[in-house]
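Note sheet for the following structure.
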There are 2 protein chains.
Amino acid sequence: MSSMSSLKSRLLPAITTVTSVGVGVWLGVQYERKTLPFPSVFAKTSSPSDEVDTRTVPGHLVPVPPGPSSHTSPGKAGQIMRFGFPGLTDLKSREGYVVSYDRRNRNPHWVFEHLTSAHIRGESDRQECDFKEDETIHPYFRATNWDFKRSGYDRGHLAAAANHRHSQSAMGDTFYLSNISPQVGEGFNRDAWNRLERYVRGLTKQFNNVYVCTGPLYLPRMESDGKMYVKYEVIGRNHVAVPTHFFKVIACETNKGELILESYVMPNAKIDNNYPLKNFLVPVESIERASGLLLFDRIPRNTFKAINGRQP
Amino acid sequence: MSSMSSLKSRLLPAITTVTSVGVGVWLGVQYERKTLPFPSVFAKTSSPSDEVDTRTVPGHLVPVPPGPSSHTSPGKAGQIMRFGFPGLTDLKSREGYVVSYDRRNRNPHWVFEHLTSAHIRGESDRQECDFKEDETIHPYFRATNWDFKRSGYDRGHLAAAANHRHSQSAMGDTFYLSNISPQVGEGFNRDAWNRLERYVRGLTKQFNNVYVCTGPLYLPRMESDGKMYVKYEVIGRNHVAVPTHFFKVIACETNKGELILESYVMPNAKIDNNYPLKNFLVPVESIERASGLLLFDRIPRNTFKAINGRQP
């Protein structure tokens, strides 16, 4: 990279640190420095009407920056990406949780919650909540209630409704379909998965702070030809993926500031009610490799007091 | 969201605009404002040794911020995500292309190039290039040459090597495995896909600027039970996904500043050599819906002079 332009030299310190944080950081930095080459990305508001595809609406023209003046600066990301960024992570910060949305599978990538005993107590009523489309997601990628109709699958919460009883609006937020995955109903969503969710809420009695990351998995398995395949159903017009498994990784903090970690994977399938939860404990590394995520990665693993019940 | 904390109010303008840009923007903004709650994320350098999992290395402790002082601020993303962000988009800006890496599938999400007649001319020699691991990607998610060994698949470039003949180092960059997908060799990578790549290079003779976005697809198909399934092989120890299809979306700019768009999808399969390229043209919207990406979305579709050979 001998012919580094001045733009690139300026961006380089930002770009080279974004390994696991994404270009968004770089965009954010440039936005603050008022040097962002794509101001229109940020000119958008988040009101639902703005999320409608306006590209075919006459009069809604986006000014196009001038083309490159020379052909000698091939490394400029801003030039290469002149007409838009194809996609980055859709992230939503809601009252009770943070979700990263997988636009390809129309499922969450992951949902993060912080629970305390105060969060799970309250008079909120889930009968007042309705499953609702997340209008902040582009219509091309948005799951709808219609997609679940007659699919045979429940609309399964990843941030559980009952985790947010302290606030009716926080509970209502968990009904956005961006927090929902298709789950097997009987034997899973209404049974084993529900048992795991109740177990997590119970942890708030023992621990001051409980941090929970929940997400879908699409795990490969060997078929008769000896090769490994990932296979999963997609439902509805929008092809909402049906994950093969779900994970929950839980970090609990004691009042001494000690941390314990537990990580579970359950198949999206009917599970015997007598099967103990601890049988679903798996190494957190397995979840990380399978999901493409790093979980609680600010905490060195050997500083946890316990991981899945054992000293690390 | 009645009890909005001051932190949240400060973040809100940033958070609500990140719909399609990701939390990274928000992180970047906070970084520049020196208010980032996760400074250690940015303290990392991008040197390969830093990418090794240091979480279990004694003495490499990451300072943990103090826990929440009250339980009345459930909406703070910074509190919820206190111990790390599970994952965002891995983005690499290289000399000739920009790539977003899919850590779950160990493939690119998309690769973006800007080509001109100057880019594709030169004396660079692909015999001097070797396929190489991308050490800027965490080892958990990194494809290796071993994964391709005896898999039966070629290491197929998404940004083609021959697109970057003007510079040996730019050509070398296309051999990072983060720019590579497993492709069927005979009949596809060495034939139909190669024809498409040559066609794209040929466009630089007609057009001043050619912008190309290339990526994998994992398309569902109906099985005998009448349901739709996504199914794809994964190869090697790292479970590198074998995409079912690949797309290429090309925006060409004339010297009058007019734009034409072409979008292709090809199955990752042996294709008859006599099958014309134009038979693989598909509406760009189909690619967007299937990939979860928005392509050239800064340009309203009705302002293109032609899309797939027709006036929009």
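The values are calculated or read from the model by the stated rules, or taken from the named source; none is laboratory data. Predicted, not measured: the structure shown is a model, and the values here were computed from it. Methodologically, a virtual Cβ is constructed for each residue, glycine included, from the backbone with ideal geometry; neighbour enumeration extends over all protein chains shown.
For residues that are within 13 Å of chain A (Cβ to nearest Cβ) and touching a strand residue (DSSP E or B) at 6+ places or on another chain (Cβ under 6 Å), tally how many sit in the stretch B:138-175.
Within the stretch B:138-175, residues that are within 13 Å of chain A (Cβ to nearest Cβ) and touching a strand residue (DSSP E or B) at 6+ places or on another chain (Cβ under 6 Å) number 8.
Just to be sure I understand the filter: pairs with C-beta atoms under 8 Å, separated by 6 or more residues or on different chains, first member in the stretch B:114-138 and free of Cβ contacts under 8 Å to residues at least 60 places away in the same chain, second member among the polar types (S, T, N, Q) and part of a loop (DSSP other than H, G, I, E, B). Which pairs pass?
B:Ala118/A:Thr72; B:Gly122/B:Ser167; B:Ser124/B:Ser167; B:Cys129/B:Thr174; B:Glu133/B:Thr144
Of the conditions (1) closer than 25 Å to B:Ser291 by Cβ; (2) surrounded by 20 or more Cβ atoms within 10 Å (Cβ to Cβ), A:Tyr140 fails just one. Which one is it?
(2)
Count, please, the residues in the stretch A:295-311 that happen to be facing chain B (nearest Cβ under 8 Å) and either of a type in the set (D, E, K, R) or crowded, with 21+ Cβ neighbours inside 10 Å (or both).
5
Name the single residue that is farthest from B:Lys231 (Cα to Cα) among those in the stretch B:263-294 being within 14 Å of another protein chain (Cβ to nearest Cβ) and of a type in the set (Asp, Glu).
Taking the candidates together, the pick is B:Glu285.
Assuming B:Glu113 fulfils every condition listed in (1) crowded, with 24+ Cβ neighbours inside 10 Å; (2) within 30 Å of A:Leu295 (Cβ to Cβ) apart from one, which condition is it?
Unmet for B:Glu113, out of (1) crowded, with 24+ Cβ neighbours inside 10 Å; (2) within 30 Å of A:Leu295 (Cβ to Cβ): (2).
Could you please find all residues in the stretch A:254-292 being part of a loop (DSSP other than H, G, I, E, B), among the charged types (D, E, K, R) and either surrounded by 13 or more Cβ atoms within 10 Å (Cβ to Cβ) or at pLDDT 95 or above (or both)?
A:Glu258, A:Lys270, A:Asp272
For A:Arg221, indicate whether it is in contact with a Phe, Trp or Tyr (Cβ under 8 Å, 6 or more places away or on another chain), assigned by TED's automatic domain parsing to the domain that holds A:Ile260 and free of Cβ contacts under 8 Å to residues at least 24 places away in the same chain.
yes
Based on this model, can you work out whether A:Val240 counts as at pLDDT 95 or above, touching a helix residue (DSSP H, G or I) at 6+ places or on another chain (Cβ under 6 Å) and more than 10 Å from every other protein chain (Cβ to nearest Cβ)?
In short, yes.
Which condition breaks for B:Lys248 when tested against (1) touching a residue at least 60 places away in the same chain (Cβ under 8 Å); (2) touching a Ser or Thr at 6+ places or on another chain (Cβ under 7 Å); (3) within 20 Å of B:Gly187 (Cα to Cα)?
(1) is the only condition that B:Lys248 fails.
In contact with a Cys (Cβ under 6 Å, 6 or more places away or on another chain) and more than 14 Å from chain A (Cβ to nearest Cβ), is that true of B:Leu203?
yes
Spot the failing condition for B:Phe247; the list is (1) in a loop (DSSP other than H, G, I, E, B); (2) in contact with a Gly (Cβ under 7 Å, 6 or more places away or on another chain), and only one is missed.
Result: B:Phe247 passes all but (1).
Please note which strands (runs of 3 or more DSSP E) are completely contained in the stretch A:86-170 and include at least 1 residues that are modelled with pLDDT under 95 and closer than 27 Å to A:Phe296 by Cα.
Here the list reads A:90-93, A:97-102, A:107-115.
Counting only residues that are over 20 Å from the mean Cα position of the chain (by Cα) and surrounded by 19 or more Cβ atoms within 10 Å (Cβ to Cβ), how many does the stretch B:163-183 have?
Residues flagged as over 20 Å from the mean Cα position of the chain (by Cα) and surrounded by 19 or more Cβ atoms within 10 Å (Cβ to Cβ) within the stretch B:163-183 amount to 3.
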